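Heads up, the thing below is written out as structure tokens.
Nothing in this text is a laboratory measurement; each read-out follows from the coordinates by a stated rule. Just so we're clear, the structure is a prediction, and the values are computed from it rather than from any experiment. Don't worry about glycine lacking a Cβ; one is built from the backbone with ideal geometry, like all the others, and counts go over all protein chains shown.
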Amino acid sequence: MRSGYIFVAIFVILSSFLRAQDFQSLLEADELKIEADELSHNVETGAVLAKGNVVVTYGILKLTAKEASINQKTFDYTASGDVVITMQDQGSWQAPALQGNFQKKTLRFGPFRLESKVWFAAGEEGTMDEAGSKQIRKGWLSTCDCPQPHYCLQAAQMTHRSDQTFTAKHVVLKFGRVPVFYLPWLWGSTNADQAGLIIKPGYSGRKGAYLQVGRIWKNETIGDSRLYVDLMSKRGVGAGYSSEFESAQRELKTQLYALHDNDTPETSPGFNRRFEAEEDRFRVNAYYRQVLSEGLSLRMNADWLSDSAMLEDWFRRDYRRLEQPKSFVDLSYDHAYFNLGLTVRPRVNTFYTTMQQLPELRLTIPRIALMDTPLLYNSENSLGYYSLKWRNNDRDRDEFIPAADYLPLLHNDPDDYASFRADTLHTFSLPLDLRDTLTLTPRASFRATSYSRTSRRKISQQDLADRIAADNPDAPQNLFPVQDYDDAGGSRTRFAAEFGMEMKSKFYSDWQEFSLKGLNIDGLRHVVEPYLNYTFAPEPSEDRDHLYFFDEIDRLEKQHFLRVGLDQRWQTRQAEQIRTLLNWQTYADVHFDRGEESEKYWGDFGNRLAFNIRPDFQTWAALLYDMGEGEIHRGEYGLRFGEEDKFNARVKYIYRNDHLSRSTYSMGSSLVDFTGESSYLKKYFETADTLTTELSIPINERTSAEIHIEYDLEDNRLAEHTYRITRQLHCWTMVLGIGWDNYDFQAMIMFRLTAFPKVKIDLDI
């Protein structure tokens with residue numbers, strides 16, 4: 001349930017107590033039983049008058065009262081004096097007096113109180129007609145069992161129909177006797193599996209005071225849908241719609257949002273000045289997946305944004321996952337021996353630099369044995385029209401570069417370029433078992449890539465870096481020159497080859513009797529897997545500086561290196577299973593050709609260690625160190641200890657400086673990862689130096705504290721920090737929190753009902 005469900009819940013118990021199907025079950029029971037201290041019966045009229053300890057049963061209904069009058073012919077009845085109606089597994093309903101008809105299912109009641117397993121409710125009066133529609137006046141609901149509940153939801157008037165839809169007027173949320181929130185009108189369904197309401201008031205630094213009101217629909221056929229409106233004092237009015245449906249054969253996700261922004265990001269510090277501020281802002285996103293037949297599937301995604309800051313400003317979670325959304329259509333056929341795919345990827349948002357595929361056809365053959373021989377073969381093939389479109393800024397670079405420094409031939413924005421490209425890669429490998437513990441796998445790869453257009457002008461590694469830097473919108477005043485590609489190079493075909501060898505071995509030692517009960521160690525095994533990977537790729541037939549750069553396929557160069565690696569695992573038995581206590585991976589690269597990125601023969605020294613000695617203690621560390629240059633490319637350390645609901649802590653440190661990295665790749669080896677599309681771009685812009693700490697501290701049995709701190713060591717600032725106090729109250733859990741995220745202050749008050757922890761009242765301030 002969402003936050004608004006707590007308003008809906010006031011009607012759930014009333015409907016569960018007075019549902020039409022419950023009265024239908026009464027009709028199916030023929031026998032009416034009446035017990036009392038005194039009974040009188042009129043045979044002609046069928047009237048029965050019962051006094052003193054009255055007990056009436058009819059189907060699943062049991063009625064107790066001091067006095068009751070029941071007509072056995074018409075099924076009319078009245079009851080008074082501490083009336084209690086109990087339905088099987090439905091709780092009990094208490095009222096001074098009521099009247100109704102068992103057969104017609106009508107009911108009229110005065111002041112009442114309801115007690116069920118979870119819910120407690122009360123009201124002044126109400127009626128129910130033959131159609132099962134209920135009219136209730138001045139009712140309230142709570143999960144608190146106190147005579148004066150700690151909180152309740154109150155409605156002046158409500159109508160609940162047999163189809164479980166409802167309308168209510170003048171709905172008030174109260175804490176104790178204090179009203180804290182008011183809605184003049186409320187509609188929806190009491191079926192929590194089908195519909196609900198969102199009510200979310202609060203205040204934030206970016207939005208100001210705001211109120212979000214929305215409706216949720218749940219349907220097994222079309223999935224979950226959400227329609228909402230945002231009223232914000234600083235930013236204006238926004239409206240959105242989202243839906244989500246997923247099955248084995250089909251998946252559909254949509255997200256639409258639009259607003260008239262009264263406080264655009266141009267006024268915020270650090271917003272790039274090469275884009276004009278947009279007041280009318282929107283996002284239209286749709287993802288669709290369909291299994292057309294066995295092995296054949298279709299995927300489509302469209303993400304249309306109003307401006308370059310829309311995703312970061314309003315969809316922060318999506319932005320952190322993927323700074324630039326992709327729009328594409330992909331048709332794929334999976335077979336046991338091959339994969340065939342067709343992809344179209346256009347540029348939807350002109351303020352992004354995008355490598356378009358218009359289209360791309362690809363054929364992939366996984367590693368298979370050739371003609372029942374030990375020789376293995378795999379292949380990757382692609383054919384397409386590729387177009388690199390640089391972002392279209394609203395303002396030219398000459399508005400920011402001083403006139404004395406501006407040179408039109410060097411300081412212009414990058415030009416687009418496009419070409420047909422056909423690429424085919426074939427790899428052969430032959431695993432040879434030299435001994436039981438030693439495997440030798442020689443391999444050979446051959447590649448041919450044809451371009452319809454190339455550049456006569458040579459674009460060096462530095463030239464390409466300058467193009468990328470000039471495209472960076474976060475540095476509008478840069479003086480990076482731009483050496484653009486031309487299209488005078490004509491068509492070219494590049495041939496490349498690679499030869500290599502992998503050698504693996506595996507050893508282990510057992511200590512069956514070794515045990516440490518405190519660490520749950522029952523026996524110990526040490527597994528050692530050393531390996532060698534030799535790779536030699538001669539210089540391709542065409543210089544990569546003349547080829548258009550669409551992805552890493554276009555950046556192939558000479559490779560000649562040896563990787564020496566060692567994988568180790570320490571394992572133990574636990575519940576008839578193997579548990580890895582320590583996993584340690586390490587390798588070192590030696591380059592026989594120093595190449596253009598380094599003057600040293602030594603390459604990377606990589607280590608990754610994962611230590612899981614106890615369920616309540618885990619730690620890991622990773623390091624990628626350039627031995628030749630004496631630079632750290634990547635570093636990571638993590639620590640977690642403690643148990644849930646007890647003191648626990650997490651610490652994580654990340655350092656990344658990929659632009660220092662020396663290229664190491666292979667077209668055919670399984671021991672060297674090919675970095676893939678856009679890895680070159682990331683080299684020059686992805687850096688990180690952050691320390692993150694999370695603490696969960698129990699203060700007492702009912703109170704705990706949570707702390708989250710992320711410190712940016714590169715910028716020497718607190719990037720994000722939040723602090724929360726959680727308190728278990730009588731009938732709810734209360735969370736108080738404050739935090740800062742990139743200078744945006746937020747405060748939060750949240751209540752979770754103890755009986756229903758998924759029902760929340762969120763007040764994000």
Compute the Cα gyration tensor for the stretch 430-547, then decide on rounded, prolate or oblate, letting a ≥ b ≥ c be the square roots of its eigenvalues: rounded whenever a/c is under 1.5, prolate when a/b is larger than b/c in the other cases, and oblate in all that remain. oblate
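Hey, got a sec? Which trypsin sites (Lys or Arg not before Pro) in the stretch 291-346 land in a DSSP loop and have at most 16 other Cβ atoms within 10 Å? Intermediate results must be reported in sequence, preceding the final value.
Working: sites: R299, R316, R317, R320, R321, K326; in loops: K326.
Answer by residue number: K326.
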Net charge near V84: determine it from the other residues with C-beta under 15 Å of the C-beta of V84, scoring Lys and Arg +1 and Asp and Glu -1. -1
